[in-house]
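The values are calculated or read from the model by the stated rules, or taken from the named source; none is laboratory data. Because the structure is predicted, anything quoted here is derived from the model rather than measured. Cβ: placed from backbone, ideal geometry, glycine included. Neighbour counts: every protein chain shown. All accessible areas refer to the heavy atoms of the entire protein, side chains included, with ligands and DNA or RNA removed. Shrake-Rupley method; radii C 1.70, N 1.55, O 1.52, S 1.80 Å.
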Amino acid sequence: MLTTINTRRSVRRWTDAPVPESDLRDILEAGMNAPSAGNEQAWQFVVLDDRQTMEAYAALNPNVTFLGKAPAAILVCADTGRERYPGYGLQDCCAATENILLAIHAKGLGGVWGAVFPQAIPGIRDLLGLPASLTPIAVVPFGAPRGARPDAHSRYDAARVHKNRYQA
Ligand SMILES: Cc1cc2nc3c(=O)[nH]c(=O)nc-3n(C[C@H](O)[C@H](O)[C@H](O)COP(=O)(O)O)c2cc1C
């Protein structure tokens, strides 16, 4: 488990190999097993694997242009209709996104957390038919990595750890 966490790195280039359905299911299950505020699970997941749709998505959100070439992607959306604690859907979705990234890595695949730019949201809503109750939070393109995996040296930094009281 710790090895999986500590060796995960962002992957932004993939082969054309499709993601097996069973892997996709396991990855989504990991997302759905994330902690959430009061167990509200205020999330919805839109799986993208249609090339035309993915290229259109990439054109809307230029920080993830590589998504147009990914075998698959998962858009993690906060569902305000499911929030028991208003505003916490964002944090639920971030927890789910990290679980998704870890599951992708555990499967021997590679992915990256793509931010959803606020200005891209109206276009994403139109493209994917998202109702007003859903806000896209993160998009994770993934697949089998192409080329060498990024180096995963340890980032442990004792200077970032503070005991009982913050010390600059
Ligand atoms: C909230 C968040 C937003 C991110 N947005 C993007 C993005 O839009 N495009 C991108 O290529 N990477 C994005 N990343 C990935 C980061 O660039 C990456 O995690 C960071 O450089 C550390 O590298 P690592 O993931 O390989 O450890 C994002 C990561 C987070 C947590």
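Quickly run through segment 156-167 and pick out the residues that are at pLDDT 95 or above and either in a helix (DSSP H, G or I) or open to solvent by 100 Å² or more (accessible area, probe 1.4 Å) (or both).
Tyr156, Ala158, Ala159, Arg160, Lys163, Asn164, Arg165, Tyr166
Among the residues of segment 148-157, is any aliphatic (A, V, I, L, M), touching a residue at least 12 places away in the same chain (Cβ under 8 Å) and more than 10 Å from the ligand (Cβ to nearest atom)?
no
What are the pairs, 6+ residues apart or on separate chains, where a residue within segment 127-143 that is more than 15 Å from Pro86 (Cα to Cα) and outside any strand (DSSP E or B) has its Cβ under 8 Å from a residue that is open to solvent by 10 Å² or more (accessible area, probe 1.4 Å) and among the hydroxyl-bearing types (Ser, Thr, Tyr)?
Qualifying pairs under 8 Å: Leu127/Thr53; Leu128/Thr53.
Cβ-Cβ under 9 Å, sequence separation 6+ or interchain: first residue in segment 1-29 and more than 14 Å from Pro141 (Cβ to Cβ), partner polar (S, T, N, Q). Which pairs?
Partner pairs satisfying both residue conditions: Asn6/Ser154.
Which condition breaks for Ile124 when tested against (1) free of Cβ contacts under 8 Å to residues at least 24 places away in the same chain; (2) in a helix (DSSP H, G or I)?
(1)
Looking only at segment 42-67, filter to residues that are within 13 Å of the ligand (Cβ to nearest atom) and closer than 21 Å to Ala17 by Cα; which one of those is most open to solvent (accessible area, probe 1.4 Å)?
Keep residues of segment 42-67 that are within 13 Å of the ligand (Cβ to nearest atom), which gives 57-58, 60-67.
With the extra rule that they be closer than 21 Å to Ala17 by Cα, the set shrinks to 57-58, 64-67.
Working: Tyr57: 0, Ala58: 8, Val64: 1, Thr65: 88, Phe66: 46, Leu67: 0 Å².
So the residue we want is Thr65.
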